[in-house]
Amino acid sequence: MNSKTNEILLTELEDGQSGFIISVHGGKMLIKRLADLGLTSGTWIKVIRRTLFSGPVQVEVCGSRLVLGKGLASKIMVELK
Amino acid sequence: MTDGKKINIVLAGQGNSGKSAVFNYLTGLHQHIGNWAGKTIEKREGTLFYNDYTIDVLDLPGIYSLTTYSVEEVISREYITHQKPDCVINIVDSTNLERNLIFTLQLMELECPLILALNMIDLAKKKGITIDFKKLQKIINAPVITTVASRGSGLTRIIDKVIELKNEKKDHKINKYGREIEYCIEQLSVLLKDINIRYPVRWLAIKLLEKDIEITKLVGELDPEILDIVKQLCENLEEMHGHDSAVVIADERSHLASQITREIVKITPGRKISLNEKLDAVTTHKFTGYLLMILILGGMFYTVFSFGNWLSGWFDTIFKDWHSWWINNVGITFFAAMGWSAIESVLALIQIALPYILPFYIILYVLEDWGYIARISFLMDNLMHKMGIHGKGCISFIIGFGCNVPGCLSCRIMESKRERFITAVLVTLVPCSAVSVIVFGLVGKYVGLAWAFGLYVFAMALIFLAGWISSKLIIGEPVELIMPMPDYKTPQLKTVIYQTWDALKEFVYIAAPIVVILGVVIQVINLAGWMPAISAFLSPVTVTWLGLPAITGILLIFGILRKELILVMLAAYLGTANFSDALSPQQMITLAVVSMFYIPCVATISVLWKEYGWKKAMAICVLEILFAILLAGLVKRILNFVF
């Protein structure tokens, strides 16, 4: 298993790439808030696109679209599929 | 009417679930919009008369969970547990079932009679999503009804179910968590049984394990010993799972939702990329997205302003006739003049509301209902972050270009107090339609259109700078954008009309009383003959520092009522609308700069007052007056080199 090399930040995914959420680094409130929206470890997540200057990320998760701020997206670790 | 014929229901659901459409369809014109006691959060209530029954409908705020992130969430759960409505109708977006179910699971924990409305089932079908709602009904042990709220389909079936539920008592389904959590809940439930709180025991236990701030405090006051046990149980959980206990529970709930979704949802992938996908790709693209945004917003402002100027001019001629009628029939006594100034204030309000704000809102809500507004937030998030707020703040700015009043009101969509305030302050600097009358009527007409547009660019740069500075000065962490991206859908006329009507009504309610009172006060000062003294008093600023005629002191005072009065009264004073006779280009630009920034108009001040208290409202006014005077004086001196 070379899982370590596949673990990257959500912000490092290219447009169109997808993976599974491994962990969210942040305060308890933030992690819970994301969990309430369905973003928990093990969830499949796909980056649709982002704006100019690598701004917020539009993602697909649980069959629906979400926009996550850049700072937030950089706290989510994913395992590249 | 007997008591048994009265039913009280609550609508709950996440944003974009079509909850408002359900509310509007059910209650129609029998709506009442107020505030939650002591809060600046809207409370929407309405009544429905159905087969002898009087059904009170309450529309809870659109929220994503029932935890204590926001006031809205606390209000919602308190209402459900304390007021004990006969039934909670959970409106669910069928195209986003999994995320919506997390909220449904939280509602179920509140142990209230529940009906699930699978809304927008038509859109789900279009996307190839089939939902086994009978199975869902079994899983959650509550009626599930498919609806298309925008067409009203399925809504009467909900009401029939509500009446049916009222007459039979049903057991609540309990969602089981993992073994370890269930053990903790059991332990706590025993202890909590004898505590007298108006929340379900199991729910209390879950919230304590989730370390809910409010519930922990509440229980701690009644029995502090329980908290020690909670602490111990949480630590055990954390040891086992390696996460905070709150996260463990939220995680399990989320997994349960996805497990249920897997059981009941079948997706047949579409053969080709849908129109929605294509539209989304173009409108949020790195380049075409921004280009389209400029075109759409530019088109919107152009339409509103050209329509507004036309209608406003038409009103002008009519109101002028009314004024002559008033003078001829009521006279020109002191009281007659006061009476007219009160009427004039109301007319002024109409003259802003109908020509500018109404069409502005209509277009805005069409864009929102279509799904475009969320795209703007996405595109602008990066830039907005430099100002210490996130992408949604951009919406308030756009509204502010039409009128600062609804612009400031719309800041309620921001999550934290800090961001609400920063956004509101910045919105007061956005040149509204009244200011644009001055900029284009004075600078655009007599100095050149390029200068007028230059002033707009200048204003935006200043707003950016002010935002950047305030984000550094006002302490607190910036909130990150978390926003669902809705699918594009055909805007519904009914929804747009309702939203426009609500917004317009709110504008009139807030602005009208203060505008009338201040209109009369200024008229009293005028009739008392104090104006020359005031303009003499202000002349060190207006004449010496700004290089403007002394009369501008008075104009600027009247301008607080309505910014464009500065121009209207200047024309009256000069006896001509050809301003180039009296003012040099340099003076025109200086006057326009002062008018743009010097103070929010009374209606805006009244909103700031209501939302943030009088201290903050006054502080904003004083700061902006000083800032505008300083800035315009500097501009004047720089312009010396140009002209």
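Return the percentage of antiparallel bridges among DSSP beta bridges fully within the range B:3-167, rounded to the nearest 5 %.
Antiparallel bridges: around 40 percent, rounded to the nearest 5.
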Expected sort for B:437-447, B:308-318 on mean C-beta neighbours within 10 Å, highest first, is B:437-447, B:308-318
The base-10 log of I(q)/I(0) that the Debye equation returns for the range B:371-486 at q = 0.09, 0.18, 0.22 Å⁻¹, one scatterer per C-alpha, is -0.25, -0.89, -1.18
Filtering chymotrypsin sites (Phe, Trp or Tyr not before Pro) in the range B:245-308 by DSSP loop and by at most 14 other Cβ atoms within 10 Å leaves B:F287
Output ordering of A:56-69, B:406-419, B:225-238 (per-residue mean of other Cβ within 10 Å, highest first) is A:56-69, B:406-419, B:225-238
Restricted to chain B, the DSSP antiparallel beta bridge percent, nearest 5, is 45
Here the relative contact order (percent) of chain A, from C-alpha pairs under 8 Å and at least 6 apart, is 43
Restricting to lysines and to Cα separations under 26 Å from B:K5, and discarding same-chain partners fewer than 8 apart, the set is B:K19, B:K43, B:K84, B:K161, B:K166, B:K169, B:K170
Of B:249-258, B:545-554, ordering from highest average Cβ density within 10 Å down gives B:249-258, B:545-554
Share (percent) of C-alpha pair distances in the protein assembly as shown greater than 42 Å works out to 36
Scoring chain B by relative contact order with C-alpha pairs under 8 Å, at least six apart, yields a percentage of 10
Cross-link reach from A:K32 to aspartates and glutamates, straight Cα distance under 13 Å and at least 8 residues apart if same chain, gives B:E210, B:D212, B:D244, B:D251, B:E252
Within 10 Å of the Cβ of an average residue in A:46-58, the count of other chain Cβ atoms is 6
Partner shielding of B:379-391, as the mean number of partner chain Cβ atoms within 10 Å, equals 4
Over 29 Å (Cα to Cα) among B:K176/B:K211; A:K75/B:K286; B:K494/B:K616; B:K207/B:K489; B:K445/B:K505; B:K207/B:K494 -> B:K494/B:K616; B:K207/B:K489; B:K445/B:K505; B:K207/B:K494
Over chain B, the sum of -39500 (n - 2.57) across DSSP H runs of at least four, divided by residue number and rounded to 500 deg cm²/dmol, gives at 222 nm -20500 deg cm²/dmol
Reduced to Cα centres, the span from the range B:132-202 to the range B:506-572 in Å works out to 60
Per the C-alpha gyration tensor (a ≥ b ≥ c, the square roots of its eigenvalues), chain B is rounded if a/c is under 1.5, else prolate if a/b beats b/c, else oblate; here it's prolate
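None of the figures in this text is laboratory data; all of them are computed from the coordinates on show. The structure presented is a predicted model; accordingly, all values stated were derived computationally and were not measured. Using ideal geometry, Cβ is built from the backbone for each residue, glycine included, and neighbour counts are taken over all protein chains shown.
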